[in-house]
Amino acid sequence: MCFYHDTLNEQLNVHSAEYRYSCDIHSGEHTHSCAVCIKTLYKRSILLTHQRVLSGERPYACTVCNVTFTQKIQLIRHLRVHSGERPYACALCNKAFSQKVNLIAHQRIHSGERPYICDVCNKGFREKSSLTRHQRVHNGERPYGCAVCNKVFIRRDHLILHQHVHSGERPYICDVCKNGFIEKSSLTRHQRLHNRKRPYAYKIKHNTM
């Protein structure tokens, strides 16, 4: 039985002798047209989601933080951020994830699978997003631009770090002396002064005596 129809009645009718509905996903037919961009889609629910993207409508709102979404499934995934629910667990190491796609990407660490291959240098990646970022090294694309100085970056997180230079924000705070840092790596290096985890400090001290 095909599970791509919205209701049980649709499914039964598709696979009964009546054939009141046709299964567009298998036939390749796109029978639902967008009146705005003329794009055709195979399922009415997908058309509705597409139309919400164009109109900006986001009818599903989080009751905790008021973030809104175009699809109910997006809200369900988001709510796990607040609840801490992680229903997808790795069978090898028991690490759990809030989304199935994250579990699939994690499992590739164990299997060594890297299905996303760069067509320029043949380097493989576990996630498509990692391949997309890598390809910018080859094509020179830098889609994230600073609104203050127009400096551009390959990755969004690099832009966020750069923006701290302009704003003066130092979000990584030392819990011992309360000094702030722009990058987490800088905080980690600083904390070694307090927790004495500098591997060469003791040796250097005694060599100078």
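The values are calculated or read from the model by the stated rules, or taken from the named source; none is laboratory data. Here the structure is a predicted model, which is why all the values come from computation and not from measurement. Here Cβ is always computed from backbone atoms with ideal geometry, including for glycine, and neighbour counts include all displayed protein chains.
Going by what's in this entry, would residue 56 be described as farther than 21 Å from residue 99 by Cβ, loosely packed, with under 10 Cβ neighbours inside 10 Å and at pLDDT 70 or above? Spell out how you get there, then give the answer.
Working: farther than 21 Å from residue 99 by Cβ: yes; loosely packed, with under 10 Cβ neighbours inside 10 Å: yes; at pLDDT 70 or above: yes.
Yes: the conditions hold for residue 56.
Of the candidates 52, 58, 108, 86, the single residue that is under 16 Å from the mean Cα position of the chain (by Cα) and among the basic types (Lys, Arg) is 86. Residue 80 - would you say it is at pLDDT 90 or above and part of a loop (DSSP other than H, G, I, E, B)? Criteria not met by residue 80. Cβ-Cβ contacts under 8 Å between residues 6 or more apart (or on different chains), taken from a first residue in the range 71-92 that is closer than 27 Å to residue 112 by Cα to a second residue that is surrounded by fewer than 12 Cβ atoms within 10 Å (Cβ to Cβ) and not acidic (Asp, Glu), are listed as 88/100; 90/110; 92/110.
Conditions tested, residue by residue: (1) touching a residue at least 40 places away in the same chain (Cβ under 8 Å); (2) in a loop (DSSP other than H, G, I, E, B); (3) more than 27 Å from residue 187 (Cβ to Cβ).
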position	(1), (2), (3)
101	no, no, yes
104	no, no, yes
109	no, no, no
150	no, yes, yes
162	no, no, no
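The set of residues from the range 120-131 being in a loop (DSSP other than H, G, I, E, B) and surrounded by 12 or more Cβ atoms within 10 Å (Cβ to Cβ) comprises 123, 126, 127.
Among the conditions (1) surrounded by fewer than 13 Cβ atoms within 10 Å (Cβ to Cβ); (2) more than 30 Å from residue 167 (Cα to Cα), the only one that residue 99 does not satisfy is (1).
Remark: pairs (first residue in the range 119-142, within 23 Å of residue 107 (Cα to Cα); second residue loosely packed, with under 12 Cβ neighbours inside 10 Å and not aliphatic (A, V, I, L, M); Cβ separation under 9 Å; 6+ apart in sequence or on different chains) = 124/115; 125/115; 126/115; 128/115; 134/121.
The set of residues in the range 112-169 that are under 22 Å from residue 183 (Cβ atoms) and hydrophobic (A, V, I, L, M, F, W, C) comprises 137, 146, 147, 148, 149, 152, 153, 154, 159, 160, 161, 165. Of the residues making up the range 177-209, those that are farther than 22 Å from residue 146 by Cα, assigned to a loop (DSSP other than H, G, I, E, B) and at pLDDT below 90 are 196, 197, 198, 199, 200, 208, 209. When restricted to residues that are more than 27 Å from residue 184 (Cα to Cα) and either in contact with a strand residue (DSSP E or B) (Cβ under 6 Å, 6 or more places away or on another chain) or among the charged types (D, E, K, R) (or both), the range 112-148 contains 7. Among the residues making up the range 132-166, those that are surrounded by 12 or more Cβ atoms within 10 Å (Cβ to Cβ) and polar (S, T, N, Q) are 132, 135, 163. Scanning the range 167-180 finds no residues that are surrounded by 14 or more Cβ atoms within 10 Å (Cβ to Cβ), aliphatic (A, V, I, L, M) and either on the phi > 0 side of the Ramachandran plot or in contact with a strand residue (DSSP E or B) (Cβ under 9 Å, 6 or more places away or on another chain) (or both).
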